[in-house]
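Peer 1: Here it is, the structure in full.
The values are calculated or read from the model by the stated rules, or taken from the named source; none is laboratory data. Computed from a predicted structure; not experimentally measured. We place every Cβ from the backbone using ideal geometry, glycine too, and count neighbours over all the protein chains shown. Remember, those area values only see protein heavy atoms, side chains included, never the ligands or the DNA or RNA. Shrake-Rupley method; radii C 1.70, N 1.55, O 1.52, S 1.80 Å.
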Amino acid sequence: MTHEQPDRTGRWQFWIDRGGTFTDVVGHGPAGQLRTHKLLSDNPEQYPDAAVAGIRHVLGLGPTTPITGDLVECVKMGTTVATNALLERKGEPTALVTTRGFRDALRIGYQERPRLFDRQIALPELLYSRVIEARERLAADGRVLDALDEADLRAQLQAGRREGLQSVAIVFMHAYRNGVHEKRAAHIARQLGYSQVSASHEVSPLIKLVGRGDTTVVDAYLSPILRRYVDQVAREMPGVALYFMQSSGGLTDAHSFQGKDAILSGPAGGIVGMVGTAAVAGFSRVVGFDMGGTSTDVSHYAGELERAFETQVAGVRMRAPMMSIHTVAAGGGSILHFDGARLRVGPDSAGANPGPACYRRGGPLALTDANVMLGKLQPDHFPRVFGPGADAPLDKAVVRERFLALAHEIEHATGVRQRAQEVAEGFVDIAVTNMANAVKRISIARGYDVTRYTLQCFGGAAGQHACRVADALGMTRILVHPFSGVLSAYGMGLADQSVMREGSIEEPLDERVWPALMRRFEELSEEALGLVRSQVAGTPRLRVIRHAHVRYQGTDSALILGLDEEGHPVPDVSALRARFEEAYRTRFGFLMQGRSLVVEAASVEALAQGHVPVEPRQPLAPDASPVPSTHVELFSGGRVWNAPLMDRKQTRPGHEIPGPALIVGASETVVVEPGWHARVTSH
Amino acid sequence: MFNNLFMNIAEQMGAQLQNTAYSVNIKERLDFSCALFDERGQLVANAPHMPVHLGSMSESILSVMRRNAERMRPGDVYVLNDPYHGGTHLPDITVVTPVFDAPGNRVMCYVGSRGHHADVGGITPGSMPPSSRSIEEEGIQLDNVKLVDRGRFCEAELRALLQTGPYPARNPDQNLADLKAQVAANEKGARELRKLIAEFGLDVVQAYMRHVQDNAEDSVRRAIAELSDGTFVLPLDNGANVAVRVVVDRAQRSALVDFSGSSPQLQSNFNAPRAVCTAAVLYVFRTLVDDDIPLNAGCLRPIEIRVPQGSMLNPVPPASVVAGNVETSTCVTNALYGALTTMAASQCTMNNFTFGDARHQYYETIAGGSGAGPGFHGQSAVQTHMTNSRLTDPEVLELRFPVHLERFEIRRGSGGRGQYHGGDGAIRRIRFLEPMTASILSNGRRIPAFGMAGGEPGACGHNRVERADGRIEQLDHISTCQLNAGDVFVIETPGGGGYGTPPQPDGDEANERQPTQHIPSQRHPCFNSISIDMQAR
């Protein structure tokens, strides 16, 4: 990667993914060089913040040396700070201000219980700690029916302040149509000294009280946490431009980073990285397969980043643009169970501590152990960081012992006699099925033929399962990027700067409404462009992407249709209708004849282009296959193979590696299953 | 692994049906279920949304199998809703597709989908008539009707059928659209099953269909071994009784569930077809297993269910049954928990509320309190036991219908006191902006959800209309009335029963339970005098 365009400023950029366990840092130097560093996210004895420590490490700075603007141009970062605060319910205490009669509307929600067969019904813990009912009411068309009783509201908000509340979420019925009451309420709250005021018509101006309300509460609950984190990072880096990744996959200026946009900050970078690197490799249709320690994220890409505007995260219904990512609780740390009749994988995880049995801390058998048992992870070719001195390899002996015991237990309970490896492979089969089903849900179930896609795997555990998952889906091509271990961080660098704006429309799609719709798009575009310009230095390349959310009259879920795709202009009503019907047919296989269409909402995204990856072609190596470092025993498909083990560093472009084989890199092990064939690309 | 594969197929069917259906009942309230059955018609896997559908769909499959053996051909699809032939109540229409092998000689398995249609005729729009007296008044009966004949969708025949009888379907186009969606969902399931069979072979797939049932059977047997005999009689608001006796054979790890002693067939529509009873038993025994086991026919194998014919739980034609599926079913589940001393009762109703006129029709079921049990409190304002249907968002409700939702909140203090307190019910106030006919079909207005082990019962529910001029009309558990602009329909749903002796109400506990704030009538005894503003029909 030497042909990088020289940086104008002669300074470094840093792209960082601050995850739950590890923080990955990619440094992009003045000469275009790339350096990576991986460190624990929480290590208070060593450093107060992992991102800052990672930058210091790459630059070779001492632990107290300031990181200044003449060294570093900018830092682009994804963080799970907000996600974790949400999962652990450790956000800012928040008051919910809502229309009288609706104090429990978010608590009751759509009144379903999450688990059908539990006698004890557990609902997600509420994020707000106090409810204030405001005397006010709008009609469904936005007319004011009852004016806001400001004196009453002020008194109640004052009581909240006296209790020490700083944060308030304002959610009024039909405010997506008319924000007049919410604006007044927000004004009063600010006057009274609330430092965080989130109003639903600004946070998520879309219909549905429950989803918009939850999103607003999340924003009020998490934004103060984010603010504190941003300030802490900014203090250590005076003069350095700081950008954060949003759930939508676009970067934003640190000071505009809001709680409602932060939930998928980390994984969104992975998708951007996946899409960018796949494009360089020449693949335009990709299924992302990001398998880590506790969970696996899968995603679908066919030319456009996919966003959902209605999702549920940690028991909270979100109505904000978020990357479509489907997460299953299956990762390398998923615990293996046998209940007397059946094998199961997860959903509980061995975590980082004690970790899987092979980590030498007395942990339970986990999926990683099954891979050790099968020879798909080789202790001799895996970092030696285990045991009391943090210098021992993975413990294969205890894995073998535990699987043998389990094989006996199974034979005793069911009469079925299996070798220890067969038991291990049985567990891997289950995990593979779970993950393949997750991919089906985001692809095949929505009408996409996944067999023509490339499976791009990243995350520590993906390489061991990629061939098997691809097999289960009928896919024939897999891509493993050299940065697969730090792809999320890499993605932060590739991401565009973006501002999204949505507006509710709720009008029939017809000629009469069309001009107003176009005007609304223009207003939203102007607003979004103005914000992007204010965030980006210089004269960036700007563009706007418009989407219309369209549904059949009387139905509930809109399809999101791009108006600005290349070669598919949408100049008028009939073109938009045709676009809808095409998308609907793909998704559902038929059309509802005679139903009229409704434009539910308009959304626009203003983008300033980010870093473009440059991965020059390299000449192909003359020798067609690399020399194996060694041969190892690999169990696959019910039999043992003598498989070559390749060091990734020794492979050259053009190398061919027929399966079965193992390719071992610094941060990942890729299993080339029998019947598969690996090739090192020229990038 | 196979269990996941089967489950995934059912889920894919469900996703397809939800996406393509026409009715909001299916699309938004998720009042539907999809399932896979083996070659003998036994439930293998399902995508669970509505517990009341689960055990009962097998009966529909069996009914189709029995009566079309040897006559089924590839490309045939059957439809039925007849409660006397495997159905539950008429709005729930089941579509059954046999999955044939490649030569088309033999049925390898079945797939089925059941959805709650918006209207199938009957004396009131929405086909949930509160006061029907015979099955004819509840709508069109489809019994073993061929919906697709060797690949041809029998649209004309179906349309004609839907328009027969004294109370034909009001919107056959909508029924047909939903039926097509159900056929497509089944086709999706059949396609996935064929793929599975192509990959693993029919023998393997069928063996695993049996195996997942064996596995579920074993889990339920283990749960049964922990149970003790018991009996329970649960009275309904209409004076009927659901009586159940459970006899456990610990050695065999099996149980007899005997409903003899329940009231004979009723004049009202609270009769529950036998399939409903089966579903309730299946659900209850499934909940006794504290593990994530698949729900399939294997769960029922260790259980013998006895229901005398001519009882309200096994009625004969032409008994009306529309409330059986929604109301009596909840009574059966709670009675079973009573007999097994598992937990206190949750609200014994679904609070079926319908309103409409010539242009609008709307149906919802409203959450209430769940029962407490050993070691846990009940939950407030949540769907319990036999239903889990969603509610329309308040903004969407007001956008589509000329109503204002004035209040929807937890009915504080309505859960039964106890060492563990029952969940609170809900209060729902809907003001009408135009004249409209509204109906409530409910239970638990006179008889509260029982407490257990010294826990107190929950508060009864209430239905009333507050007229624009200030008059208040108390309504009975089943009522239909005409509303004018400005009138408010108020539904207070029952609280769940408490468990264990409540602490003395002098200390902290009394403060902890939020005092009654809004409704002074919450604690008053359930009324027995009824003033009903019935709409003459």
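Peer 1: Test of the criteria: in the range A:89-155, which GluC sites (Glu not before Pro) are in a DSSP loop and have at most 13 other Cβ atoms within 10 angstrom of their Cβ?
Peer 2: Sparse-neighbourhood loop GluC sites (Glu not before Pro): A:GLU125.
Peer 1: Give the Rg/Rh ratio for the range A:407-449, taking Rg as the radius of gyration of the Cα atoms and Rh as the Kirkwood radius, to two decimals.
Peer 2: Checking Rg against Rh, the ratio lands at 1.28.
Peer 1: Let me ask something else about it. Consider just the alpha-carbon atoms of the range A:133-292 and return their Rg together with their Dmax, both in angstrom.
Peer 2: Reported Rg and Dmax, both Å: 19.6, 63.
Peer 1: Now a separate question. Could you work out the equivalent-ellipsoid semi-axes for the range A:292-420, taking the square root of 5 times each eigenvalue of the Cα gyration tensor, largest first, in whole Å?
Peer 2: With the √(5λ) rule applied to the range A:292-420, the semi-axes are 33, 20, 13 Å.
Peer 1: Mind jotting down the three principal axis lengths of the protein assembly as shown based on Cα atoms? Whole angstrom, largest first.
Peer 2: Extents along the principal axes, in whole Å: 89, 75, 67.
Peer 1: Please find the FRET efficiency linking B:THR164 to A:SER596, where r is the Cβ-Cβ separation and R0 is fixed at 30 Å, and quote it to the nearest 0.05.
Peer 2: 0.45
Peer 1: Tell me which residues come under 5 Å, amide H to amide H, from A:VAL75 once H is placed; ignore anything under 5 positions away on its chain.
Peer 2: Answer set, sorted by chain and number: A:PHE14, A:ALA241, A:LEU242, A:TYR243.
Peer 1: Could you work out the helix-only [θ] at 222 nm for chain A, with each DSSP H run of four or more residues adding -39,500 (n - 2.57) and the total divided by the number of residues, to the nearest 500 deg cm²/dmol?
Peer 2: -9500 deg cm²/dmol
Peer 1: Taking every alpha carbon pair in the range B:235-289, what does the distance histogram look like in 10 angstrom bins from 0, in percent?
Peer 2: 19, 49, 26, 7, 0
Peer 1: Kirkwood hydrodynamic radius for the range B:2-216: how many Å is it when counted over pairs of different Cα atoms?
Peer 2: In the range B:2-216 this quantity evaluates to 17.1 Å.
Peer 1: Collect residues whose amide H, placed 1.01 Å from N in the peptide plane, falls under 5 Å from the amide H of B:ILE478; neighbours closer than 5 in sequence don't count.
Peer 2: Residues meeting the criterion, in which the H sits 1.01 Å from N, are B:SER442.
Peer 1: Taking the Cα centroid of the range A:395-468 and of the range B:37-89, what is the distance between the two, rounded to the nearest whole Å?
Peer 2: Using only Cα atoms to place each centre, the spacing works out to 34 Å.
Peer 1: Turning to a different aspect of this structure: Residues with amide H under 5 Å of A:ASP348's amide H, sequence separation 5 or more or different chain, H placed in the peptide plane at 1.01 Å from N; which?
Peer 2: A:ILE335
Peer 1: Calculate for chain B the 222 nm mean residue ellipticity that helices alone would give, adding -39,500 (n - 2.57) per DSSP H run of length 4 or more and normalising by residue count, nearest 500 deg cm²/dmol.
Peer 2: The per-residue figure over chain B is -8500 deg cm²/dmol.
Peer 1: How big is the A-B contact in terms of buried accessible area, both chains counted, 1.4 Å probe, rounded to the nearest 100 Å²?
Peer 2: It comes to approximately 5300 Å² buried between A and B.
Peer 1: Of all trypsin sites (Lys or Arg not before Pro) in the range A:518-575, which ones are in loop regions per DSSP and have a Cβ with at most 16 other Cβ atoms within 10 Å?
Peer 2: Answer in residue order: A:ARG541.
Peer 1: Something else about it: Work out the FRET efficiency for A:ALA405 and A:ASP564 from their Cβ-Cβ distance, taking R0 = 60 Å, and round it to the nearest 0.05.
Peer 2: The computed FRET efficiency comes out at 0.50.
Peer 1: Probe of 1.4 angstrom, ligands and nucleic acids ignored: what's the accessible area per residue over the protein assembly as shown, in square angstrom?
Peer 2: Roughly 36 Å² per residue, with all protein chains present.
Peer 1: OK, next. Whole-Hz ³J(HN,Hα) for each residue in the range A:540-545, computed from phi via Karplus 6.51 cos²θ - 1.76 cosθ + 1.60 with θ = phi - 60°, x for glycine and proline: what do you get?
Peer 2: My calculation for the range A:540-545 gives x, 6, 10, 8, 10, 10 Hz in order.
Peer 1: Now, a different point. Counting only protein heavy atoms, what percent of the accessible surface of the protein assembly as shown is carbon or sulfur at a 1.4 Å probe?
Peer 2: So the carbon and sulfur contribution to the accessible surface is 49 percent.
Peer 1: Could you go through the range B:480-492 in sequence order and give the Karplus-derived ³J(HN,Hα) for each residue, using 6.51 cos²θ - 1.76 cosθ + 1.60 with θ = phi - 60°, rounded to whole Hz, and x for Gly and Pro?
Peer 2: My calculation for the range B:480-492 gives 10, 8, 8, 10, 10, 4, x, 6, 10, 9, 10, 10, 10 Hz in order.
Peer 1: Holding the Cα-Cα limit at 25 Å, pick out from A:LYS76/A:LYS376; A:LYS183/A:LYS208; A:LYS76/A:LYS260; B:LYS27/B:LYS180; A:LYS440/B:LYS180 the pairs that are longer than that.
Peer 2: Going by Cα-Cα distance, A:LYS76/A:LYS376 fall outside the 25 Å limit.
Peer 1: What translational diffusion coefficient, in µm²/s and rounded to a whole number, does the Stokes-Einstein relation yield for the range B:196-273 at 25 °C and a viscosity of 0.890 mPa s, taking the hydrodynamic radius as the Kirkwood radius over Cα pairs?
Peer 2: Diffusion coefficient, whole number: 155 µm²/s.
Peer 1: While we're here: Beyond 12 Å, what share of the Cα-Cα pairs of the range B:441-496 is found? Please give it as a whole percent.
Peer 2: 66
Peer 1: Return the Rg/Rh value of chain A, two decimal places, where both radii are evaluated on C-alpha atoms and Rh is the Kirkwood radius.
Peer 2: Rounded to two decimals, Rg over Rh is 0.98.
Peer 1: What residues of the range A:77-117 lose no less than 40 Å² of accessible area with every protein chain in place versus their chain by itself (probe 1.4 Å, heavy atoms only)?
Peer 2: Residues losing area: A:GLY101, A:PHE102, A:ARG103, A:ASP104, A:ARG107, A:ILE108, A:TYR110, A:GLN111, A:GLU112, A:ARG113, A:LEU116, A:PHE117.
Peer 1: What is the spread of the Cα atoms of the range B:361-476 along each of their three principal axes, largest first, in whole Å?
Peer 2: The Cα atoms of the range B:361-476 stretch 48, 29, 21 Å along the principal axes, largest first.
Peer 1: For chain B, what D do you get in µm² per second when you plug the Kirkwood radius from alpha-carbon pairs into Stokes-Einstein at 25 °C and 0.890 mPa s?
Peer 2: Taking Rh from Cα pairs, D becomes 104 µm²/s.
Peer 1: Taking every Cα atom in the range A:632-676, find the radius of gyration and the maximum pairwise distance Dmax, and write them in Å.
Peer 2: Both quantities, over Cα of the range A:632-676: 10.7, 33 Å.
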